[in-house]
Structure formats: structure tokens, C-alpha cells
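Asker: Dropping the structure in here first, questions after.
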Amino acid sequence: MKILMTSGGGVIRNLNTPEYGLARELVRKGHDVTVISSSSVMKKHDALSEETIEGIKVRRFSPVLPSSLLYMLGRDFDLVHMHHLGHLAPISSYATIRKKIKNIPTVFTVHGIFHDPYIVMDTEDPFSAGINGNIQAGFPFLSPWRTANWLAHLPLQADKITALTEWEKAELIKLGVNAGKISVVPNGIILEKYRKAGKNYFKKMDIEGKILLFVGQPTRRKGWKYFLEAMPEILDKFPEAKAVFIGYRQNKDLEDKCRNLGIENNARFLGFLPEEAKIGALKSSDLFVFPTLYEGFGITLIEAMASGLPVVTTDVAGNKEIIGNRKNGFLVKPKDSKAVAKACIELLESRKTAGRIRENNLKKAAQYDWKNVAKKYIEVYESVMR
């Protein structure tokens with residue numbers, strides 16, 4: 001099958017994205033895969049406008065100019081798989097226009113419906129401010145100021161839509177998407193990378209004590225504030241514990257928070273880590289702490305599970321479809337630092353509980369291996385082709 005994927009970030013070396021994991025596995029299964037995405041990633045990552053990564057043909061275009069549309073119109077594919085709504089990936093919207101001009105089966109994966117600023121009032125804390133449901137489905141002839149809204153939601157016109165969780169499927173139905181064209185397919189991980197990684201990452205960095213790991217940019221939505229506010233109570237029980245952040249970018253509020261709480265000696269900021277180093281850090285930690293306010297699908301949750309880590313996260317959106325409470329970790333109320341602290345302390349104190357959860361997570365992680373998830377996508381592709 002000759003498959004075109006469209007995305008925002010797309011396939012980038014040393015970075016785990018769903019597009020990379022899926023495309024890599026499709027190529028291994030003998031499919032011809034081209035991924036086109038935004039050229040803006042070339043400013044931050046080792047990325048070229050045209051390259052081949054593990055057999056995946058990668059092409060990057062301006063996210064705004066229609067050059068990607070011209071590229072798509074000039075080539076034939078069996079199917080287009082679009083990722084992300086147009087406010088994050090305008091190229092996916094251009095792919096929908098390509099379908100209208102030159103018909104072809106299409107599949108669309110949302111990757112978090114509440115990341116959409118047209119649908120939620122506050123994308124950093126979507127459950128606090130109400131839902132708009134204000135999707136512009138038809139071209140706004142009489143309301144040109146709504147053109148951006150229309151363009152952003154064009155990918156929802158795909159032949160088939162994949163939601164990442166049952167929760168997301170239900171939300172899409174509320175927004176008017178036909179339930180019959182929605183399939184639930186989760187994100188995945190490349191499990192073999194976790195099986196090969198060692199567990200001594202922090203020794204060479206002289207970081208000792210119980211390691212409580214956070215992976216993700218410290219934006220308000222990720223809930224880092226509630227993790228830090230839980231640390232003083234955790235340190236009363238485990239004085240040598242460390243809150244370790246990966247994916248850190250300069251954030252004065254976070255640094256000030258550490259100083260105000262008096263925990264700056266127990267916090268470490270490792271910055272962006274390549275995939276291999278990140279996996280090493282995960283496998284060398286004691287807990288994964290992620291008090292997020294919303295995730296479309298927390299890939300970091302299944303990365304932690306594949307590393308054998310007990311997880312402390314929030315009971316929001318589809319998290320409980322990934323993390324069974326007291327089976328794969330603890331689910332706590334959002335914005336509740338004391339609940340985060342209590343869960344972390346219990347897991348650190350009870351080797352029996354933590355050990356049982358580790359075993360559960362290593363077993364459950366297998367279902368998210370891209371080798372298994374890609375089969376589900378191929379089933380979706382074949383149903384659209386029929």
C-alpha cells in the first residue's frame with residue numbers, strides 16, 4: 001500500500017512521535033510511506049526539508065503556503081492518513097482539500113480534541129472553562145472571519161476517524177461526528193527500545209535517592225505545579241528524594257516555585273533528552289509522576305509502563321483507560337497536591353504494591369507495541385479502501 005501521512009511535527013530523528021512509530025512499523029510490513037509535515041521543526045531539531053529516515057520518505061513544507069497541496073496533487077497514493085487538526089497541522093487541512101480535488105480514501109487521527117482552541121475556552125485547563133463545540137463545518141461564505149475555524153476542522157471530513165480513547169470517541173460524537181465512522185486506536189511505543197535500555201542512568205549524573213520523574217514541558221496543562229507542591233510532604237518521609245524533570249525549557253515560574261517551597265536541592269532539570277537517554281532515565285527511576293489537567297493520550301504514561309514504573313497521574317479524560325487505579329499506578333483528583341503526595345508516599349513505602357504494579361505495567365505495555373497497534377491501523381485502512 002502506498003500511504004501518505006500528513007502532520008505538524010511529523011517524523012524527526014531521535015524523537016518519539018506517533019507518526020514516526022506508526023510509519024516505521026508500516027515500512028517494516030512492506031508498505032511505501034511518505035510523511036509530509038511542517039518545515040518549522042527544522043529550527044529546533046536535526047531535520048532536513050527532504051530526507052529518508054528508517055525507510056520513511058520525509059518531506060517538509062511551509063505550514064501556511066499551499067506548496068504541500070501542490071506536492072500532494074502531483075503524486076498518487078492509495079490512502080492519506082492525516083494527523084492533528086488544522087490549527088496544529090494546516091498540512092492536514094490541505095490534504096482534505098486534495099481529497100476534494102482528487103478523490104482518495106482518507107483516515108484522520110485527532111490526537112487530542114481538547115487541544116482545539118475553537119472547542120475549549122482554555123486549552124491549558126480545558127475542563128475549567130467550558131466547551132464551545134463551535135465547529136465550522138461548511139465553508140463560511142457569509143462569515144469570512146470564520147474561515148480559520150473551517151480550515152482547522154476540515155480533517156474531520158475524512159472517510160474514517162480514529163480516536164485515541166473511548167472517551168475521545170464520545171466527545172467527537174457530541175461534536176456531531178458520525179459514530180459509525182469512528183474507530184478507537186491508541187498510540188503506541190517501540191517496545192524493543194525499552195527492553196534493551198539499562199537502569200543506571202542517574203548514577204553517572206550523581207543523582208541519588210528515590211527518583212520521582214516527570215516527562216513533558218512544564219506548561220500549566222501538565223500539572224507540574226501540583227507535583228512540586230507535593231514534594232515537601234514527600235521529603236518529610238524520604239529526605240533524599242529527587243523530583244527530576246525531562247523536557248524542561250526555561251520556566252522562571254517553575255524555578256521560583258522550587259525556591260519558595262525550599263526544595264531546590266531536591267529538584268533536577270535535565271532538559272530535552274534524545275530518545276535513548278530518556279528511556280534510560282525512565283528505567284532508572286522509582287516513580288512516574290504526571291498530574292496533568294488534560295491529555296488526548298498520554299504517551300508518556302505508556303512509556304513509563306514499558307519501563308516498569310508505577311504511575312501517579314490524574315483521573316481525567318482517557319487516563320483511566322490506560323492506567324487502572326491500583327493496577328498500573330494511582331489515579332488522583334486533578335489539582336490536588338496532597339493526593340499526589342499521598343499516592344507517591346504509599347508507592348515508595350510499599351515494595352509489595354510497587355512490585356505488583358511494575359509487573360502489571362510490563363505486561364500491559366505489550367498491547368501498546370507499535371507492532372500490535374499498526375495492525376489495527378491496517379484494518380482501518382483496509383476498511384476504508386473497501
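Asker: Can you tally the net charge around LYS225? Count Lys and Arg as +1, Asp and Glu as -1, for every other residue whose Cβ sits under 10 Å from the Cβ of LYS225.
Answerer: Net local charge, LYS225 excluded: +2.
Asker: So, one more: For the range 1-74, take every pair of Cα atoms, bin their distances at 5 Å starting from 0, and report each bin as a whole percent.
Answerer: With 5 Å bins starting at 0, P(r) equals 3, 17, 31, 26, 16, 7, 1.
Asker: What is the calculated FRET efficiency for LYS174 to ARG195, with r their C-beta to C-beta distance and R₀ = 41 Å, to the nearest 0.05?
Answerer: Between LYS174 and ARG195 the formula returns 0.55.
Asker: Once Lys and Arg get +1 and Asp and Glu get -1 on their Cβ, which of LEU191, GLY9, ASN178 lies farthest toward the positive end of the dipole of the chain?
Answerer: So the residue we want is LEU191.
Asker: About the Cα centre of the chain, how large is the charge dipole given +1 on each Lys and Arg Cβ and -1 on each Asp and Glu Cβ? Please answer in debye to the nearest 20.
Answerer: Rounded to the nearest 20 debye, it is 600 debye.
Asker: So how strong a dipole does the range 225-283 carry about its Cα centre when Lys and Arg Cβ are +1 and Asp and Glu Cβ are -1, to the nearest 20 debye?
Answerer: 120
Asker: What is the calculated FRET efficiency for GLN367 to PHE127, with r their C-beta to C-beta distance and R₀ = 25 Å, to the nearest 0.05?
Answerer: Plugging the Cβ-Cβ distance into 1/(1 + (r/R0)^6) gives 0.35.
Asker: Taking just the alpha-carbon atoms of the range 286-375, what radius of gyration and Dmax come out, in angstrom?
Answerer: 12.5, 41
Asker: Can you give me the long-range amide H partners of GLY223? Hydrogens built in the peptide plane at 1.01 Å from N, cutoff under 5 Å, separation of 5 or more residues or another chain.
Answerer: LEU293
Asker: Hey, another quick one. So what is the diffusion coefficient of the chain in µm² per second by Stokes-Einstein at 10 °C and 1.306 mPa s, using a Kirkwood Rh over Cα pairs?
Answerer: Rounded, D is 73 µm²/s.
Asker: Next question. Quick check: from the Cα gyration tensor, does the range 191-368 come out rounded (a/c under 1.5), prolate or oblate?
Answerer: rounded
Asker: Starting from the Cα of LYS204, step 7 Å along the direction of its Cβ; do the same at ASP46; then give the gap between the two resulting points in nm.
Answerer: 1.6
Asker: Size of the dipole of the range 191-368 about the Cα centre, Lys and Arg at +1 and Asp and Glu at -1 on the beta carbon, nothing else charged, in debye to 20?
Answerer: 400
Asker: Mind giving me the nanometre distance, one decimal, between the label points for ARG351 and ASP236, set 7 Å out from Cα along Cα→Cβ?
Answerer: Between ARG351 and ASP236, the label points sit 2.6 nm apart.
Asker: For helix 337-349, what angle does its Cα long axis make with the longest principal axis of the chain, in degrees from 0 to 90 and rounded to 10?
Answerer: 70
Asker: So for the range 191-368, taking the charge dipole from beta-carbon charges (+1 Lys/Arg, -1 Asp/Glu), which of THR314, THR353, ILE234 sits furthest toward the positive end?
Answerer: THR353
Asker: Nearest 500 deg cm²/dmol is fine: what mean residue ellipticity at 222 nm does the chain get from its DSSP H runs of n ≥ 4 alone, each adding -39,500 (n - 2.57), divided by its residue count?
Answerer: Value at 222 nm, helices only, nearest 500: -10500 deg cm²/dmol.
Asker: Along the positive direction of the dipole of the chain (beta-carbon charges: Lys, Arg +1; Asp, Glu -1; about the Cα centre), which of ILE53, PHE330, GLY296 reaches farthest?
Answerer: The residue sitting most towards the positive pole is ILE53.
Asker: Could you compute the net charge surrounding GLN367? Neighbours are other residues with a C-beta less than 12 Å from the C-beta of GLN367; K and R count +1, D and E count -1.
Answerer: Around GLN367, the surrounding residues sum to +3.
Asker: So, by mean Cβ neighbours within 10 angstrom, what's the order for 43-56, 134-147 with the highest one leading?
Answerer: Packing order, densest peptide first, comes out as 43-56, 134-147.
Asker: Taking the Cβ of SER39 as the center, what net charge do the other residues with Cβ under 11 Å away carry, scoring Lys and Arg +1 and Asp and Glu -1?
Answerer: Value of the local net charge: +2.
Asker: According to the Cα gyration tensor, what semi-axes, each the square root of 5 times an eigenvalue, does the equivalent ellipsoid of the range 1-140 have, listed from largest to smallest in whole Å?
Answerer: In descending order the semi-axes read 26, 18, 14 Å.
Asker: In whole Hz, what ³J(HN,Hα) sequence does the range 370-386 give by Karplus (6.51, -1.76, 1.60; θ = phi - 60°), x for Gly and Pro?
Answerer: Along the range 370-386, the couplings run 4, 4, 8, 5, 4, 4, 5, 5, 4, 4, 5, 4, 5, 5, 6, 4, 6 Hz.
Since every read-out is calculated from the coordinates, none of them should be taken as a lab result. These numbers were taken from a predicted model, which means no experiment stands behind them. Every residue, glycine among them, receives a Cβ derived from its backbone with ideal geometry; neighbour counts consider all protein chains shown.
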